[in-house]
1. Count, please, the residues in segment A:240-251 that happen to be away from chain B (no Cβ under 11 Å) and part of a loop (DSSP other than H, G, I, E, B).
2. Using the structure shown, decide if A:Gly65 is at positive phi and modelled with pLDDT of 95 or more.
3. Taking into account only those residues within segment A:94-115 that are in contact with a Pro (Cβ under 8 Å, 6 or more places away or on another chain) and not charged (D, E, K, R), which is nearest to A:Pro64 (Cα to Cα)?
4. Go through segment B:39-69 and count every residue that is within 14 Å of chain A (Cβ to nearest Cβ) and not hydrophobic (A, V, I, L, M, F, W, C).
5. So which of A:Tyr141, A:Tyr182, A:Tyr162, A:Tyr117 ends up being more than 25 Å from A:Met248 (Cα to Cα), within 16 Å of the chain's Cα centre (by Cα) and of a type outside the set (Gly, Ala, Ser)?
6. Answer yes or no: is there a residue in segment B:22-38 that is within 11 Å of chain A (Cβ to nearest Cβ), open to solvent by less than 30 Å² (accessible area, probe 1.4 Å), without any contact (Cβ under 8 Å) to a residue 12 or more places away in the chain and over 19 Å from B:Met120 (Cα atoms).
7. Would you call A:Glu128 assigned to a strand (DSSP E or B) and either within 14 Å of chain B (Cβ to nearest Cβ) or open to solvent by 30 Å² or more (accessible area, probe 1.4 Å) (or both)?
8. Tell me, which helices (runs of 4 or more DSSP H) lie completely within segment B:92-204 with 2 or more residues that are surrounded by 17 or more Cβ atoms within 10 Å (Cβ to Cβ) and not small (Gly, Ala, Ser)?
Amino acid sequence: GGIAGAVPKGALAQESLEPNTWEEITNYCNYYEFGTGKEDPARYAQALTIDPWTVRIDGLVDKPGDYSFADIMSQMTVEERIYRFRCVEAWSMVIPWNGFELADLLNWVGVQSGAKYVAFETALRPDEMPGVSRPVLDWPYVEGLRLDEAMHPLTMMATGIYGRDILKQNGAPLRLVVPWKYGFKSIKSIVRISLVEDEPPASWNVANPREYGFYSNVNPEVDHPRWSQATERLIGSGIFATRQPTLMFNGYADEVASLYDGMDLRISF
Amino acid sequence: MVDYLNAALRRVPAWVLYILAPMPVLVIFYLGLTGALGIDPAKRIEHELGLWSLWLLIAGLAVTPLRRWVGLNLLKFRRAIGVITFFYLLAHLLTWLVLDVQFQNVWADIVKRWYITVGMAAFVLMLPLALTSNNWSLRWLGPGTWRKLHTLVYPIAILGALHFLLLVKGFQWEPILYAAVIAVLLLSRVRPERLRSFRLLRQA
(Lines give C-alpha, C1' and ligand atoms only; values in the text may rest on other atoms or scores of the structure.)
Protein backbone atom coordinates (compact mmCIF):
# COMPACT_ATOMS: atom_id res chain seq x y z
CA GLY A 1 0.00 0.00 0.00
CA GLY A 2 1.00 3.64 -0.38
CA ILE A 3 2.88 4.91 2.61
CA ALA A 4 3.00 8.67 2.87
CA GLY A 5 6.51 8.42 4.30
CA ALA A 6 7.77 7.06 1.00
CA VAL A 7 6.95 10.35 -0.71
CA PRO A 8 9.85 12.78 -1.07
CA LYS A 9 9.69 15.63 1.37
CA GLY A 10 9.05 18.42 -1.11
CA ALA A 11 5.81 16.90 -2.30
CA LEU A 12 4.46 16.92 1.22
CA ALA A 13 5.11 20.61 1.67
CA GLN A 14 1.49 21.03 0.76
CA GLU A 15 0.38 23.49 3.39
CA SER A 16 1.25 26.40 1.11
CA LEU A 17 -1.12 25.15 -1.59
CA GLU A 18 -4.70 26.39 -1.40
CA PRO A 19 -6.91 23.91 -3.28
CA ASN A 20 -9.45 25.10 -5.81
CA THR A 21 -13.10 24.67 -4.93
CA TRP A 22 -15.06 21.52 -5.78
CA GLU A 23 -17.20 23.74 -8.00
CA GLU A 24 -14.18 24.93 -10.00
CA ILE A 25 -12.54 21.52 -10.28
CA THR A 26 -15.71 19.77 -11.47
CA ASN A 27 -16.98 22.45 -13.87
CA TYR A 28 -13.85 23.40 -15.78
CA CYS A 29 -12.55 20.32 -17.53
CA ASN A 30 -10.90 19.24 -20.73
CA TYR A 31 -12.35 15.85 -21.65
CA TYR A 32 -12.82 16.02 -25.40
CA GLU A 33 -14.74 12.72 -25.54
CA PHE A 34 -17.62 14.79 -24.13
CA GLY A 35 -17.01 17.94 -26.20
CA THR A 36 -14.36 20.60 -26.57
CA GLY A 37 -16.01 23.24 -24.34
CA LYS A 38 -14.80 23.51 -20.76
CA GLU A 39 -18.33 22.92 -19.44
CA ASP A 40 -19.21 20.11 -21.88
CA PRO A 41 -17.76 17.31 -19.72
CA ALA A 42 -19.80 18.37 -16.65
CA ARG A 43 -22.89 18.47 -18.88
CA TYR A 44 -22.47 15.28 -20.90
CA ALA A 45 -20.23 12.91 -18.92
CA GLN A 46 -23.13 11.79 -16.73
CA ALA A 47 -24.08 9.29 -19.47
CA LEU A 48 -20.86 7.35 -18.90
CA THR A 49 -21.37 3.94 -17.27
CA ILE A 50 -18.64 3.46 -14.66
CA ASP A 51 -20.11 0.50 -12.79
CA PRO A 52 -19.10 -2.15 -13.71
CA TRP A 53 -15.60 -1.05 -14.73
CA THR A 54 -12.81 -3.28 -15.88
CA VAL A 55 -9.17 -2.42 -16.47
CA ARG A 56 -7.22 -4.74 -18.72
CA ILE A 57 -3.62 -4.97 -17.56
CA ASP A 58 -1.42 -6.73 -20.09
CA GLY A 59 1.91 -6.81 -21.84
CA LEU A 60 5.08 -7.52 -19.91
CA VAL A 61 3.47 -8.29 -16.56
CA ASP A 62 3.45 -11.39 -14.37
CA LYS A 63 -0.26 -11.34 -13.72
CA PRO A 64 -2.03 -10.04 -16.84
CA GLY A 65 -5.80 -9.97 -16.84
CA ASP A 66 -9.05 -8.06 -16.68
CA TYR A 67 -9.28 -6.49 -13.26
CA SER A 68 -12.51 -5.05 -11.94
CA PHE A 69 -12.30 -1.64 -10.30
CA ALA A 70 -13.35 -3.31 -7.02
CA ASP A 71 -10.51 -5.88 -7.34
CA ILE A 72 -7.98 -3.11 -7.73
CA MET A 73 -9.36 -1.01 -4.89
CA SER A 74 -9.32 -4.00 -2.53
CA GLN A 75 -5.55 -4.14 -2.96
CA MET A 76 -4.69 -0.44 -2.84
CA THR A 77 -4.36 2.06 -0.02
CA VAL A 78 -6.03 5.37 -0.78
CA GLU A 79 -4.41 8.57 0.46
CA GLU A 80 -4.80 12.30 -0.21
CA ARG A 81 -2.31 14.27 -2.30
CA ILE A 82 -2.69 17.98 -2.90
CA TYR A 83 -1.01 18.67 -6.23
CA ARG A 84 -0.62 21.59 -8.57
CA PHE A 85 -2.33 20.88 -11.89
CA ARG A 86 -0.97 22.76 -14.90
CA CYS A 87 -2.81 22.60 -18.22
CA VAL A 88 -0.86 22.98 -21.46
CA GLU A 89 -3.28 25.85 -22.23
CA ALA A 90 -1.46 27.93 -19.55
CA TRP A 91 -4.05 27.78 -16.76
CA SER A 92 -3.64 25.94 -13.49
CA MET A 93 -5.48 24.67 -10.43
CA VAL A 94 -4.60 23.03 -7.13
CA ILE A 95 -6.43 19.73 -6.65
CA PRO A 96 -6.76 17.56 -3.52
CA TRP A 97 -6.71 14.13 -5.12
CA ASN A 98 -7.46 10.83 -3.42
CA GLY A 99 -5.88 7.75 -4.87
CA PHE A 100 -2.98 5.35 -4.76
CA GLU A 101 0.50 5.27 -6.18
CA LEU A 102 0.67 3.78 -9.66
CA ALA A 103 3.82 1.96 -8.52
CA ASP A 104 1.73 -0.02 -6.02
CA LEU A 105 -0.57 -1.23 -8.78
CA LEU A 106 2.34 -2.07 -11.08
CA ASN A 107 4.17 -3.94 -8.31
CA TRP A 108 1.01 -5.87 -7.53
CA VAL A 109 0.68 -7.17 -11.10
CA GLY A 110 4.45 -7.67 -11.39
CA VAL A 111 6.43 -5.74 -13.99
CA GLN A 112 8.70 -7.97 -16.09
CA SER A 113 12.31 -7.00 -16.79
CA GLY A 114 11.82 -6.17 -20.49
CA ALA A 115 9.22 -3.47 -19.82
CA LYS A 116 10.43 0.08 -20.45
CA TYR A 117 7.18 2.02 -20.88
CA VAL A 118 3.61 2.01 -19.65
CA ALA A 119 0.79 2.60 -22.15
CA PHE A 120 -2.67 3.78 -21.05
CA GLU A 121 -6.00 3.88 -22.85
CA THR A 122 -9.27 5.73 -22.12
CA ALA A 123 -12.66 4.10 -22.63
CA LEU A 124 -14.17 4.64 -26.09
CA ARG A 125 -17.98 4.51 -25.92
CA PRO A 126 -19.59 6.27 -28.90
CA ASP A 127 -23.05 5.72 -27.35
CA GLU A 128 -22.05 7.50 -24.16
CA MET A 129 -19.50 10.00 -25.46
CA PRO A 130 -20.97 12.60 -27.83
CA GLY A 131 -17.53 14.11 -28.53
CA VAL A 132 -16.01 11.04 -30.19
CA SER A 133 -18.26 11.40 -33.24
CA ARG A 134 -16.01 14.32 -34.16
CA PRO A 135 -12.47 13.66 -35.35
CA VAL A 136 -10.83 16.08 -32.88
CA LEU A 137 -8.32 13.36 -32.03
CA ASP A 138 -7.73 9.80 -33.17
CA TRP A 139 -9.89 7.96 -30.61
CA PRO A 140 -9.47 6.19 -28.24
CA TYR A 141 -7.34 8.60 -26.22
CA VAL A 142 -4.00 7.01 -25.39
CA GLU A 143 -1.05 8.11 -23.29
CA GLY A 144 2.26 6.76 -22.12
CA LEU A 145 4.97 7.12 -19.50
CA ARG A 146 8.50 5.87 -19.26
CA LEU A 147 8.64 3.11 -16.63
CA ASP A 148 10.69 5.20 -14.19
CA GLU A 149 8.16 8.03 -14.49
CA ALA A 150 5.32 5.59 -13.89
CA MET A 151 7.06 4.12 -10.84
CA HIS A 152 7.84 7.52 -9.33
CA PRO A 153 6.18 8.02 -5.93
CA LEU A 154 4.51 11.25 -7.10
CA THR A 155 2.69 9.43 -9.92
CA MET A 156 -0.73 8.33 -8.79
CA MET A 157 -4.00 6.86 -9.91
CA ALA A 158 -6.75 9.15 -8.66
CA THR A 159 -10.12 7.77 -7.64
CA GLY A 160 -11.40 10.74 -5.65
CA ILE A 161 -11.25 14.48 -5.08
CA TYR A 162 -11.93 16.16 -1.72
CA GLY A 163 -12.54 12.74 -0.20
CA ARG A 164 -15.47 12.08 -2.54
CA ASP A 165 -15.57 9.66 -5.46
CA ILE A 166 -14.08 11.31 -8.51
CA LEU A 167 -16.80 12.63 -10.83
CA LYS A 168 -17.21 11.40 -14.38
CA GLN A 169 -16.10 14.71 -15.91
CA ASN A 170 -12.84 14.40 -13.97
CA GLY A 171 -12.09 10.90 -15.24
CA ALA A 172 -14.06 8.44 -13.09
CA PRO A 173 -13.61 5.83 -11.92
CA LEU A 174 -9.84 6.00 -12.12
CA ARG A 175 -7.38 8.26 -13.88
CA LEU A 176 -3.70 8.95 -13.95
CA VAL A 177 -2.19 12.01 -12.21
CA VAL A 178 1.37 13.02 -13.09
CA PRO A 179 1.75 16.40 -11.37
CA TRP A 180 4.95 17.54 -13.09
CA LYS A 181 3.53 17.06 -16.60
CA TYR A 182 0.90 19.02 -18.52
CA GLY A 183 -2.60 17.91 -17.65
CA PHE A 184 -3.31 16.01 -20.86
CA LYS A 185 -0.74 13.38 -19.82
CA SER A 186 -2.99 12.53 -16.86
CA ILE A 187 -5.29 10.29 -18.90
CA LYS A 188 -8.86 9.78 -17.69
CA SER A 189 -11.26 6.83 -17.29
CA ILE A 190 -8.57 4.21 -17.92
CA VAL A 191 -9.61 0.83 -19.36
CA ARG A 192 -6.20 -0.52 -20.28
CA ILE A 193 -2.68 -0.44 -18.91
CA SER A 194 0.03 -2.18 -20.92
CA LEU A 195 3.66 -2.67 -19.98
CA VAL A 196 5.62 -2.42 -23.21
CA GLU A 197 9.15 -2.30 -24.56
CA ASP A 198 8.84 0.61 -27.01
CA GLU A 199 7.63 4.17 -26.54
CA PRO A 200 3.82 3.97 -26.87
CA PRO A 201 1.76 6.51 -28.85
CA ALA A 202 0.31 9.52 -27.01
CA SER A 203 -2.81 11.09 -28.56
CA TRP A 204 -1.77 14.76 -28.64
CA ASN A 205 1.74 13.87 -29.76
CA VAL A 206 0.26 11.85 -32.63
CA ALA A 207 -2.16 14.66 -33.54
CA ASN A 208 0.49 17.39 -33.54
CA PRO A 209 4.06 16.31 -32.76
CA ARG A 210 5.39 19.84 -33.29
CA GLU A 211 3.25 21.18 -30.42
CA TYR A 212 2.99 18.25 -28.01
CA GLY A 213 5.97 16.09 -27.12
CA PHE A 214 5.90 12.61 -25.60
CA TYR A 215 7.31 13.88 -22.29
CA SER A 216 5.27 17.11 -21.96
CA ASN A 217 6.95 18.06 -18.72
CA VAL A 218 5.83 21.44 -17.40
CA ASN A 219 8.65 23.76 -18.47
CA PRO A 220 8.44 27.57 -18.40
CA GLU A 221 11.46 27.79 -20.73
CA VAL A 222 10.00 25.74 -23.57
CA ASP A 223 7.05 27.53 -25.12
CA HIS A 224 4.16 25.92 -26.89
CA PRO A 225 4.50 27.07 -30.51
CA ARG A 226 1.27 29.07 -30.19
CA TRP A 227 1.64 30.50 -26.70
CA SER A 228 4.16 31.15 -23.95
CA GLN A 229 4.47 28.67 -21.09
CA ALA A 230 6.36 31.10 -18.84
CA THR A 231 3.30 32.10 -16.82
CA GLU A 232 -0.13 30.72 -16.01
CA ARG A 233 -3.55 31.92 -14.88
CA LEU A 234 -4.55 30.29 -11.60
CA ILE A 235 -8.22 29.43 -12.03
CA GLY A 236 -10.44 30.92 -9.33
CA SER A 237 -8.08 33.73 -8.43
CA GLY A 238 -10.44 36.33 -9.88
CA ILE A 239 -10.95 38.05 -13.17
CA PHE A 240 -8.30 40.72 -12.53
CA ALA A 241 -5.73 38.43 -10.86
CA THR A 242 -2.22 38.63 -12.23
CA ARG A 243 -0.65 35.66 -13.95
CA GLN A 244 1.78 33.69 -11.85
CA PRO A 245 5.14 32.34 -12.99
CA THR A 246 5.12 28.71 -14.08
CA LEU A 247 7.53 26.56 -12.08
CA MET A 248 10.01 24.12 -13.60
CA PHE A 249 8.42 20.65 -13.52
CA ASN A 250 5.39 22.44 -12.07
CA GLY A 251 7.22 22.91 -8.76
CA TYR A 252 8.30 19.26 -8.43
CA ALA A 253 11.84 19.72 -9.77
CA ASP A 254 13.48 18.52 -6.53
CA GLU A 255 11.66 15.21 -6.85
CA VAL A 256 11.74 14.55 -10.59
CA ALA A 257 14.48 16.56 -12.32
CA SER A 258 16.94 13.68 -11.91
CA LEU A 259 14.71 11.49 -14.12
CA TYR A 260 15.80 13.65 -17.04
CA ASP A 261 19.52 14.02 -16.31
CA GLY A 262 21.47 14.29 -19.53
CA MET A 263 18.39 14.94 -21.67
CA ASP A 264 17.92 18.13 -23.69
CA LEU A 265 14.46 19.20 -22.58
CA ARG A 266 14.11 21.48 -25.61
CA ILE A 267 14.36 18.45 -27.88
CA SER A 268 12.65 15.91 -25.60
CA PHE A 269 9.86 18.30 -24.68
CA MET B 1 -42.38 39.85 -47.30
CA VAL B 2 -39.04 41.40 -48.31
CA ASP B 3 -40.84 44.57 -49.46
CA TYR B 4 -42.60 44.76 -46.11
CA LEU B 5 -39.25 44.36 -44.31
CA ASN B 6 -37.61 47.00 -46.49
CA ALA B 7 -40.47 49.41 -45.79
CA ALA B 8 -40.20 48.81 -42.08
CA LEU B 9 -36.42 49.19 -42.09
CA ARG B 10 -36.69 52.46 -44.00
CA ARG B 11 -38.19 53.96 -40.85
CA VAL B 12 -35.31 52.72 -38.61
CA PRO B 13 -32.42 55.17 -38.51
CA ALA B 14 -28.88 53.75 -38.52
CA TRP B 15 -28.00 55.42 -35.22
CA VAL B 16 -30.23 52.89 -33.45
CA LEU B 17 -27.44 50.36 -33.99
CA TYR B 18 -24.97 52.57 -32.10
CA ILE B 19 -27.38 52.65 -29.14
CA LEU B 20 -27.77 48.85 -29.18
CA ALA B 21 -24.12 48.05 -29.88
CA PRO B 22 -22.61 48.45 -26.39
CA MET B 23 -25.28 46.27 -24.77
CA PRO B 24 -23.79 42.83 -25.55
CA VAL B 25 -20.38 44.03 -24.30
CA LEU B 26 -21.93 45.27 -21.07
CA VAL B 27 -23.90 42.04 -20.65
CA ILE B 28 -20.78 39.92 -21.32
CA PHE B 29 -18.73 41.84 -18.73
CA TYR B 30 -21.60 41.85 -16.24
CA LEU B 31 -22.01 38.06 -16.59
CA GLY B 32 -18.25 37.61 -16.30
CA LEU B 33 -18.01 39.64 -13.11
CA THR B 34 -21.01 37.93 -11.50
CA GLY B 35 -19.70 34.44 -12.22
CA ALA B 36 -22.34 33.52 -14.80
CA LEU B 37 -19.69 32.87 -17.47
CA GLY B 38 -18.28 29.90 -15.61
CA ILE B 39 -15.02 29.20 -13.88
CA ASP B 40 -12.65 31.15 -16.15
CA PRO B 41 -14.47 34.41 -16.98
CA ALA B 42 -11.47 36.28 -18.45
CA LYS B 43 -11.01 33.67 -21.18
CA ARG B 44 -14.76 33.46 -21.83
CA ILE B 45 -15.09 37.24 -22.19
CA GLU B 46 -12.16 37.21 -24.62
CA HIS B 47 -13.72 34.41 -26.68
CA GLU B 48 -17.25 35.88 -26.65
CA LEU B 49 -15.94 39.24 -27.90
CA GLY B 50 -13.91 37.46 -30.58
CA LEU B 51 -17.01 35.60 -31.75
CA TRP B 52 -19.04 38.82 -31.76
CA SER B 53 -16.37 40.43 -33.95
CA LEU B 54 -16.70 37.56 -36.42
CA TRP B 55 -20.52 37.71 -36.39
CA LEU B 56 -20.42 41.47 -37.06
CA LEU B 57 -17.85 41.01 -39.81
CA ILE B 58 -20.13 38.41 -41.39
CA ALA B 59 -23.15 40.71 -40.98
CA GLY B 60 -21.32 43.53 -42.75
CA LEU B 61 -20.25 41.24 -45.58
CA ALA B 62 -23.79 39.88 -45.91
CA VAL B 63 -25.31 43.28 -46.77
CA THR B 64 -24.41 43.23 -50.46
CA PRO B 65 -25.34 39.58 -51.18
CA LEU B 66 -28.64 40.04 -49.29
CA ARG B 67 -29.49 42.99 -51.48
CA ARG B 68 -28.44 41.32 -54.69
CA TRP B 69 -29.92 37.85 -54.11
CA VAL B 70 -32.77 38.45 -51.65
CA GLY B 71 -33.64 42.06 -52.34
CA LEU B 72 -33.27 43.03 -48.69
CA ASN B 73 -31.83 46.52 -48.40
CA LEU B 74 -29.61 47.00 -45.34
CA LEU B 75 -27.16 49.32 -47.07
CA LYS B 76 -27.72 52.27 -44.76
CA PHE B 77 -26.75 50.14 -41.74
CA ARG B 78 -23.52 48.88 -43.25
CA ARG B 79 -21.23 51.65 -42.08
CA ALA B 80 -22.59 51.40 -38.53
CA ILE B 81 -22.04 47.62 -38.61
CA GLY B 82 -18.45 48.22 -39.70
CA VAL B 83 -17.75 50.79 -36.96
CA ILE B 84 -19.29 48.50 -34.32
CA THR B 85 -17.21 45.58 -35.63
CA PHE B 86 -14.11 47.69 -35.04
CA PHE B 87 -15.12 48.41 -31.44
CA TYR B 88 -15.76 44.74 -30.72
CA LEU B 89 -12.40 43.84 -32.20
CA LEU B 90 -10.83 46.54 -30.02
CA ALA B 91 -12.62 45.19 -26.92
CA HIS B 92 -11.46 41.64 -27.82
CA LEU B 93 -7.86 42.89 -28.19
CA LEU B 94 -7.97 44.86 -24.93
CA THR B 95 -9.39 41.87 -23.05
CA TRP B 96 -6.52 39.77 -24.35
CA LEU B 97 -3.98 42.46 -23.39
CA VAL B 98 -5.33 43.39 -19.96
CA LEU B 99 -7.07 40.30 -18.57
CA ASP B 100 -5.33 37.45 -20.38
CA VAL B 101 -1.66 38.06 -21.21
CA GLN B 102 -1.45 41.17 -19.00
CA PHE B 103 1.06 42.92 -21.26
CA GLN B 104 3.64 40.14 -20.77
CA ASN B 105 5.78 39.43 -23.85
CA VAL B 106 3.10 40.97 -26.02
CA TRP B 107 5.47 41.96 -28.79
CA ALA B 108 7.13 38.53 -28.81
CA ASP B 109 3.69 36.92 -29.00
CA ILE B 110 2.64 39.11 -31.92
CA VAL B 111 5.79 38.29 -33.87
CA LYS B 112 6.14 34.62 -32.92
CA ARG B 113 2.63 33.24 -32.59
CA TRP B 114 0.89 32.83 -35.92
CA TYR B 115 -2.68 33.20 -34.75
CA ILE B 116 -1.80 36.38 -32.85
CA THR B 117 0.14 37.76 -35.82
CA VAL B 118 -2.87 37.14 -38.04
CA GLY B 119 -5.32 38.61 -35.52
CA MET B 120 -3.19 41.71 -35.02
CA ALA B 121 -2.85 42.14 -38.79
CA ALA B 122 -6.64 42.14 -39.06
CA PHE B 123 -6.87 44.80 -36.35
CA VAL B 124 -4.20 47.00 -37.97
CA LEU B 125 -5.94 46.75 -41.36
CA MET B 126 -9.16 47.79 -39.67
CA LEU B 127 -7.66 51.01 -38.29
CA PRO B 128 -7.79 53.01 -41.57
CA LEU B 129 -11.35 51.81 -42.11
CA ALA B 130 -12.42 52.95 -38.65
CA LEU B 131 -10.65 56.29 -39.06
CA THR B 132 -12.28 56.99 -42.43
CA SER B 133 -15.77 55.88 -41.44
CA ASN B 134 -17.01 59.50 -41.18
CA ASN B 135 -18.62 61.64 -43.87
CA TRP B 136 -15.73 64.08 -43.86
CA SER B 137 -13.26 61.32 -44.84
CA LEU B 138 -15.63 60.08 -47.51
CA ARG B 139 -15.69 63.57 -49.09
CA TRP B 140 -11.94 64.06 -48.59
CA LEU B 141 -11.01 60.73 -50.24
CA GLY B 142 -13.76 60.82 -52.85
CA PRO B 143 -16.18 57.91 -53.19
CA GLY B 144 -13.93 55.92 -55.56
CA THR B 145 -10.84 55.91 -53.34
CA TRP B 146 -13.00 55.46 -50.24
CA ARG B 147 -14.65 52.37 -51.70
CA LYS B 148 -11.32 50.97 -52.82
CA LEU B 149 -9.85 51.54 -49.34
CA HIS B 150 -12.81 49.82 -47.74
CA THR B 151 -12.33 46.65 -49.79
CA LEU B 152 -9.70 46.02 -47.11
CA VAL B 153 -12.58 44.35 -45.29
CA TYR B 154 -12.06 41.31 -47.57
CA PRO B 155 -8.51 40.52 -46.36
CA ILE B 156 -9.65 41.40 -42.82
CA ALA B 157 -12.40 38.77 -43.04
CA ILE B 158 -9.94 36.17 -44.36
CA LEU B 159 -7.51 36.99 -41.52
CA GLY B 160 -10.34 36.76 -38.97
CA ALA B 161 -11.35 33.32 -40.22
CA LEU B 162 -7.69 32.21 -40.25
CA HIS B 163 -7.16 33.53 -36.69
CA PHE B 164 -9.95 31.25 -35.43
CA LEU B 165 -8.74 28.26 -37.50
CA LEU B 166 -5.20 28.61 -36.13
CA LEU B 167 -6.03 28.90 -32.46
CA VAL B 168 -8.08 25.78 -31.72
CA LYS B 169 -6.64 22.52 -30.43
CA GLY B 170 -7.16 19.38 -32.48
CA PHE B 171 -9.64 19.12 -35.37
CA GLN B 172 -12.75 21.24 -34.68
CA TRP B 173 -15.71 22.11 -36.90
CA GLU B 174 -16.65 25.53 -35.45
CA PRO B 175 -13.82 27.59 -36.99
CA ILE B 176 -14.21 25.69 -40.26
CA LEU B 177 -17.88 26.69 -40.31
CA TYR B 178 -17.01 30.37 -39.84
CA ALA B 179 -14.34 30.14 -42.55
CA ALA B 180 -16.86 28.53 -44.91
CA VAL B 181 -19.47 31.26 -44.34
CA ILE B 182 -16.87 33.97 -44.92
CA ALA B 183 -15.61 32.16 -48.03
CA VAL B 184 -19.16 31.99 -49.45
CA LEU B 185 -19.74 35.69 -48.75
CA LEU B 186 -16.48 36.63 -50.46
CA LEU B 187 -17.03 34.29 -53.43
CA SER B 188 -20.52 35.75 -53.93
CA ARG B 189 -18.73 38.97 -54.94
CA VAL B 190 -16.77 37.38 -57.75
CA ARG B 191 -18.41 38.44 -60.97
CA PRO B 192 -18.65 35.74 -63.64
CA GLU B 193 -17.53 38.11 -66.44
CA ARG B 194 -14.30 38.76 -64.53
CA LEU B 195 -13.78 35.02 -64.20
CA ARG B 196 -14.20 34.68 -67.95
CA SER B 197 -11.59 37.32 -68.70
CA PHE B 198 -9.31 35.59 -66.18
CA ARG B 199 -9.79 32.33 -68.05
CA LEU B 200 -9.08 34.05 -71.38
CA LEU B 201 -5.91 35.49 -69.89
CA ARG B 202 -4.78 32.06 -68.83
CA GLN B 203 -5.46 30.61 -72.24
CA ALA B 204 -3.58 33.40 -73.97
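The values are calculated or read from the model by the stated rules, or taken from the named source; none is laboratory data. Model, not experiment: these values are computed from the prediction. So basically every Cβ, Gly included, is an ideal-geometry build from the backbone, and we count neighbours across all protein chains shown. All accessible areas refer to the heavy atoms of the entire protein, side chains included, with ligands and DNA or RNA removed. Shrake-Rupley method; radii C 1.70, N 1.55, O 1.52, S 1.80 Å.
1. Within segment A:240-251, residues that are away from chain B (no Cβ under 11 Å) and part of a loop (DSSP other than H, G, I, E, B) number 2.
2. On the way: at positive phi: yes; modelled with pLDDT of 95 or more: yes.
When the stated conditions are applied, A:Gly65 passes them.
3. First, the residues of segment A:94-115 that are in contact with a Pro (Cβ under 8 Å, 6 or more places away or on another chain): A:94-96, A:101, A:103, A:109.
Filter again for not charged (D, E, K, R), leaving A:94-96, A:103, A:109.
Values: A:Val94: 35, A:Ile95: 32, A:Pro96: 31, A:Ala103: 16, A:Val109: 7 Å.
Only one residue tops the list, namely A:Val109.
4. Result for segment B:39-69: 7.
5. Working: A:Tyr182 fails: more than 25 Å from A:Met248 (Cα to Cα); A:Tyr162 fails: within 16 Å of the chain's Cα centre (by Cα); A:Tyr117 fails: more than 25 Å from A:Met248 (Cα to Cα).
On inspection, the qualifying residue turns out to be A:Tyr141.
6. Scanning segment B:22-38 turns up at least one residue that is within 11 Å of chain A (Cβ to nearest Cβ), open to solvent by less than 30 Å² (accessible area, probe 1.4 Å), without any contact (Cβ under 8 Å) to a residue 12 or more places away in the chain and over 19 Å from B:Met120 (Cα atoms).
7. Values: assigned to a strand (DSSP E or B): no; either within 14 Å of chain B (Cβ to nearest Cβ) or open to solvent by 30 Å² or more (accessible area, probe 1.4 Å) (or both): yes.
Judged against the criteria, A:Glu128 is not a match.
8. Numbers: elements: B:106-112, B:114-131, B:135-141, B:143-150, B:153-167, B:173-187, B:192-203.
Hits in segment B:92-204: B:114-131, B:153-167, B:173-187.
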